[in-house]
Ligand SMILES: Nc1ncnc2c1ncn2[C@@H]1O[C@H](COP(=O)(O)OP(=O)(O)OP(=O)(O)O)[C@@H](O)[C@H]1O
């Protein structure tokens, strides 16, 4: 039987601070489990208020943080066993990350196309410059851009939305099967957010990429998710099919979330009249 794309099994992460006498432990992630199937690309959302453990969980899925206990497997392989440089590069070619602020992801003094070329050189076995350029151009087309548009430009010459699309194109160069996107639209101008959000749907539907979408933004979570888990203080308080969870929320936090979504729906209805961009609500 084909292994799942991702298995997160009873994962815990505890940070300890202080010395022997004043030692303090933070249970950032407590007993979290979920799986993503290999043959069914989806947008899986991890939603929760600030400090609920979302970024810590993302770090463990990206293999940049080790769980205190429990295990994470990608295509059946325990991430703990991915140690050699070659194995790490192979893993990174399949699992890519998108971060919150695209302006932090690019050096202001470096042309953005150079990032795309180095990703192509790192992950793909292109034999000629033209082959590398084709690969880069192909990735940029997937996000609605082209090498001709991007070549020679510096980060400050692009909008936050455009730059985040370049970051996604860079992630796509290696044809990953999973993208972990941690608050990818929260630093982007509201008018450009939906372009990036719709792009994730396109990656799922047209290119078979699964997305782990991490957010505290209820409106985009509601709009984009196939399944979701709601985290609070490191624990999953509710999870499952996004519409089902939101239709009959059980946990007080999910009820609060649904109320916020309902008010967002109202905002959408208003926006459909005015032709504006949907408002977003934030869990507090
Ligand atoms: N390196 C660390 N050392 C100590 N504590 C940490 C560390 N990283 C995170 N924490 C703590 O773990 C908890 C979860 O943090 P995390 O950043 O994962 O939450 P989050 O849901 O992503 O929050 P936000 O939405 O604000 O980014 C918090 O209490 C945080 O202070």
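General remarks:
- Sorting 56, 14 from the fewest to the most surrounding beta carbons within 10 angstrom yields 14, 56.
- Residue with peak Gaussian network fluctuation, the chain [Cα springs, cutoff 10 Å], from 180, 237, 29: 237
- Residue 146 versus residue 90: modelled label distance in nm, points set 7 Å from Cα along the beta carbon direction: 3.7
- Under a Gaussian network description of the chain, with springs only between Cα atoms under 10 Å, the residue in 86, 151, 227 that fluctuates furthest is 86.
- Computed over the chain, relative contact order equals 23 percent, with contacts defined as Cα pairs under 8 Å that lie 6+ residues apart.
- For the chain, built as a Gaussian network whose Cα springs stay under 10 Å, the top-fluctuating residue of 39, 182, 113: 39
- Where labels lie 7 Å past Cα in the beta-carbon direction, separation of residue 39 and residue 24 in nm: 5.0
- With a Förster radius of 25 Å applied to the C-beta separation of residue 198 and residue 153, the computed FRET efficiency comes to 0.60.
- Computed extension gain for residue 82 through residue 103, at 0.36 nm per residue and net of the alpha carbon distance, reaches 4.6 nm.
- Separation of alpha-carbon centers, region 95-141 and region 196-245, rounded to whole Å: 26
- Order of 257, 109 under a 10 Å beta carbon neighbour criterion, fewest first: 109, 257
- Ranked list, fewest to most other Cβ atoms within 10 Å of each Cβ, for 23, 111, 122: 23, 122, 111
Rule-based calculations on the coordinates, nothing more; no lab input. This structure is a prediction, so every number in the text was calculated from the model and none was measured. Reconstructed Cβ throughout: ideal geometry from the backbone, glycine too, with neighbour counts over all protein chains shown.
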